[in-house]
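Student: Encoded as structure tokens, here's the structure I'll be asking about.
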Amino acid sequence: MLRNISMDPRFLGNGSDYSAKVTNIVWEHRRTLMVRLTNYMISSKQCLTPQAKDNKELMKTYNALPDEEVIASETLTKILQTRRMKANQSQDFSSEPLSVAGMMSLHMTAWDWLSDTLKNTARDIDPCMRVIAVECSYVRTYRPCMLQDKYIGALCCLLEDTLTCGVKKIQTIDSRGQLTSMQTWLWWDGFMLSHSQESPAAILDRIKDSVIKEQQQQQDRLIMENNDREAIQKLVTYVVNMSCAISASPQAMPSADIINPLQELITTCTHCRPHGPPSLRVLEAHFCVR
């Protein structure tokens, strides 16, 4: 994904700069919006039909597509062949009619469709066009519903706003039928967020308090666990250095009569703590009961 962004021909400047910005957004929200997206996709995957794994399954799925989607795939193939002509070898498809499904998909692939080695359309180009058609049909089974989630929508907004700042303006026809310039990031699948989608700022402001609270709880838990370990350390050190705790064995090891009750006491007490038991490795580091 990041490579495709950095190589996208729509950017006025260096696409790598925007690839880095996307990385920063993903990292910044890795514990909130990204977790929401990941959990959604994990749960949704159980309900989705598995994608085609080989050419036989792909052809079966492609042949089952509605006629209009097959026509759209054939149209995309013709547009691609036109772009392969030396007079029009632009890799930017944003000026093409977006009503054709998958029009922006070639921005999301490392496939060199301008290569001179692609000489046989049926062998070298048509299979990729069929994959695009099948994938366009597949994403419609989950993407619209996914984008209705306000948290995932907020993440999409953040990415969209960041990428939009760097792309070239395109000429398009507005709702009044007039030619107008538009600067916007177009996703390859053509889906757009609902007008009711809240702004990322509003979403993030609401979850900020819960994130801060979670971080504070984690910090308090770590402090308590550290205090427990220090207390156990002091207790064990004190007990094992008592003369009455040493066994009569040649190794001068602590007596099991002392250590076993001590370990049981520490285990019982730490299980009563609200944050659970800390590691008892400190006991193992000090003695070995024989």
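The values are calculated or read from the model by the stated rules, or taken from the named source; none is laboratory data. Fair warning: this is a prediction, and the values are worked out from it, not measured in the lab. Ideal geometry is used to build each Cβ from the backbone, glycine not excepted, and the neighbour counts take in all protein chains shown. The area values use the complete protein model at the heavy-atom level, side chains included, leaving out ligands, DNA and RNA. Shrake-Rupley method; radii C 1.70, N 1.55, O 1.52, S 1.80 Å.
Student: At a 1.4 Å probe radius, which order do Y238, Y40 fall into by accessible area, largest first? Show your work: numbers first, answer last.
Tutor: On the way: Y238 150, Y40 50 Å².
Putting Y238, Y40 in descending order of accessible area: Y238, Y40.
Student: I've got another one for you. Determine the calculated [θ] at 222 nm for the chain from helices alone, applying -39500 (n - 2.57) to every DSSP H run no shorter than 4 residues and normalising by the residue count; nearest 500 deg cm²/dmol.
Tutor: Working: 12 runs with 158 residues, N = 290.
Calculated at 222 nm, the ellipticity per residue is -17500 deg cm²/dmol.
Student: Still on this structure: Just how much of T237 is accessible, in Å², when a 1.4 Å probe is used and the result is rounded to the nearest 10?
Tutor: Only protein atoms counted, so the area is about 50 Å².
Student: For region 1-80, what is one quarter of the convex hull surface built on the Cα atoms, given in nm²?
Tutor: Values: hull surface 33.0 nm².
Result: a mean projected hull area of 8.2 nm².
Student: Keeping every protein chain in place, order R140, R176, R84 by accessible area at 1.4 Å, biggest value first, i.e. largest first. If you can, show how the numbers build up before the last one.
Tutor: Details: R140 100, R176 180, R84 60 Å².
So the residues, ranked largest to smallest area, are R176, R140, R84.
Student: Moving on to the next point. Find the lysine pairs in the chain meeting two conditions, Cα atoms under 21 Å apart and a separation of 8 or more places or different chains, and report how many there are. Present the calculation step by step, with values, prior to reporting the outcome.
Tutor: Working: K21/K168; K21/K169; K45/K53; K45/K150; K78/K86; K78/K119; K86/K119; K150/K208.
Lysine pairs, 8 or more places apart or on different chains, close enough: 8.
Student: Between K56 and T162, what is the spin-label point distance in nm, taking each point 7 Å from the Cα along the Cα→C-beta axis?
Tutor: 4.3
Student: Another one. State whether region 123-162 is rounded, prolate or oblate according to the following rule on the C-alpha gyration tensor (a ≥ b ≥ c being the square roots of its eigenvalues): a/c under 1.5 gives rounded; otherwise a/b larger than b/c gives prolate, and the remaining case gives oblate.
Tutor: Numbers: a/c = 7.01, a/b = 2.14, b/c = 3.28.
Since a/c reaches 1.5 but b/c is at least a/b, the shape of region 123-162 is classed as oblate.
Student: Note down, for region 95-206, the three equivalent ellipsoid semi-axes (square root of 5 times each alpha carbon gyration tensor eigenvalue), biggest first, whole angstrom. Mind showing how you got there, number by number?
Tutor: Working: eigenvalues 180, 71, 38 Å².
Whole-Å semi-axes of the equivalent ellipsoid: 30, 19, 14.
Student: Using a/c under 1.5 as the rounded threshold, could you call region 1-141 rounded, prolate or oblate? The axes a ≥ b ≥ c are square roots of the C-alpha gyration tensor eigenvalues, and prolate needs a/b larger than b/c, oblate otherwise. Please report the intermediate quantities before stating the final value.
Tutor: Details: a/c = 2.21, a/b = 1.17, b/c = 1.89.
Because a/c hits 1.5 or more and a/b fails to exceed b/c, region 1-141 counts as oblate.
Student: While we're on this one: Highest mean first, what order results for 195-205, 125-135 on Cβ atoms within 10 Å? Could the numbers behind the result be given before it?
Tutor: Numbers: 195-205: 13.5, 125-135: 19.9.
Highest to lowest by the protection proxy: 125-135, 195-205.
Student: Rank these by accessible area, largest first, 1.4 Å probe: L76, L12, L158, L222.
Tutor: On the way: L76 0, L12 125, L158 40, L222 100 Å².
Ranking L76, L12, L158, L222 by accessible area, largest first, yields L12, L222, L158, L76.
Student: Here's a follow-up. Starting from one equal scatterer on each C-alpha and no solvent at all, send me the Debye-based log10 I(q)/I(0) for the chain at q = 0.10, 0.11 Å⁻¹, two decimals.
Tutor: -0.72, -0.80
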